[in-house]
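To start, the structure itself, in structure tokens.
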Amino acid sequence: MGMVITIDGPAASGKSSVSRELARRLGWKWVSTGAFYRGLAYAALQLSVDLDDVKALAELTHNPIWSIRLESERTKVYFQDQDVTDQIAHEDVGNFASKISHYPEVRKALLEAQRNCSNGPDGLVAEGRDCGTVVFPQAEAKVFLTASSEHRAARRATELGLDQDDMVKAQKQRDHQDSTRKVAPMAVPPNAFVLDSTELNLDEVVDKVEAFVRTKIH
């Protein structure tokens, strides 16, 4: 198992862009752990699985009809061997993913697959909501990115071509769900480097995160 760096934070805080660029600079693997929940939610919707049926959802985590593939630019999701990575980015899939992430049985079922991303000699940069607290609690370096609600909503609305006001409402709902769930709520990991990216561009954020991470690399 290689070294692991975790980058957590709320929706649209820049986790994916920052973690992906950090992995590129370090020459490490990269994974967005949220893709596992979005992929499961997408598969459940396609198969008409009741999102309140916890047992069925937990069983679906092991169904080969969907899969995750790590690539340098995106953590890709495949359903019936078709690339559905763009589809899982939709806000409705994200809301369903947030819903099913509340179930302990689902989280437990996905945890092993998430942790397996660190297998092999190469280092791993993992981003999500609970990478530093639950998935990789022993990670060598932990980062928590945040930004103002308005800034995050504007970023997400631009990405998806949606109304910013609607996005603010949706994001606040997601933040509330993720931070108040009983199992593995989104939280700042112990000893994490906390960075507010509201007033910073991508390169500035990555520079600060990289500087911190390099103090932890042996």
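All of the numbers you see were taken from the coordinates with simple rules; none came from a lab. These figures come from a predicted structure and were not determined experimentally. Reconstructed Cβ throughout: ideal geometry from the backbone, glycine too, with neighbour counts over all protein chains shown.
Cross-link reach is defined here as a Cα-Cα straight distance under 20 Å, omitting same-chain residues fewer than 8 places apart; for Lys169 the aspartates and glutamates meeting it are Glu91, Asp92, Glu150, Glu159, Asp178. Taking label positions 7 Å along the Cα-Cβ direction at both Leu162 and Asp81, the computed distance is 3.3 nm, reported to one decimal. 3J(HN,Hα) along the range 117-132: 5, 8, 5, x, x, 6, x, 9, 9, 10, 10, x, 9, 9, 4, x Hz, from the Karplus curve 6.51 cos²θ - 1.76 cosθ + 1.60 with θ = phi - 60°, whole Hz, x for Gly and Pro. Compute the Cα gyration tensor for the range 1-137, then decide on rounded, prolate or oblate, letting a ≥ b ≥ c be the square roots of its eigenvalues: rounded whenever a/c is under 1.5, prolate when a/b is larger than b/c in the other cases, and oblate in all that remain. The shape class here is prolate.
Working ranking of peptides 112-118, 80-86 by packing, defined as the average number of other Cβ atoms within 10 Å per residue, highest first, is 112-118, 80-86. On the principal axes of its alpha carbon atoms, the range 1-45 extends 37, 26, 14 Å, with the longest extent given first. For the range 94-162, the Kirkwood radius over C-alpha pairs fed into Stokes-Einstein at 20 °C and 1.002 mPa s yields D = 149 µm² per second. For Val143, the residues whose amide H sits under 5 Å from its own are Thr6, Ile7, Asp8, Phe193, ignoring neighbours fewer than 5 places away on the same chain, with H placed 1.01 Å from N.
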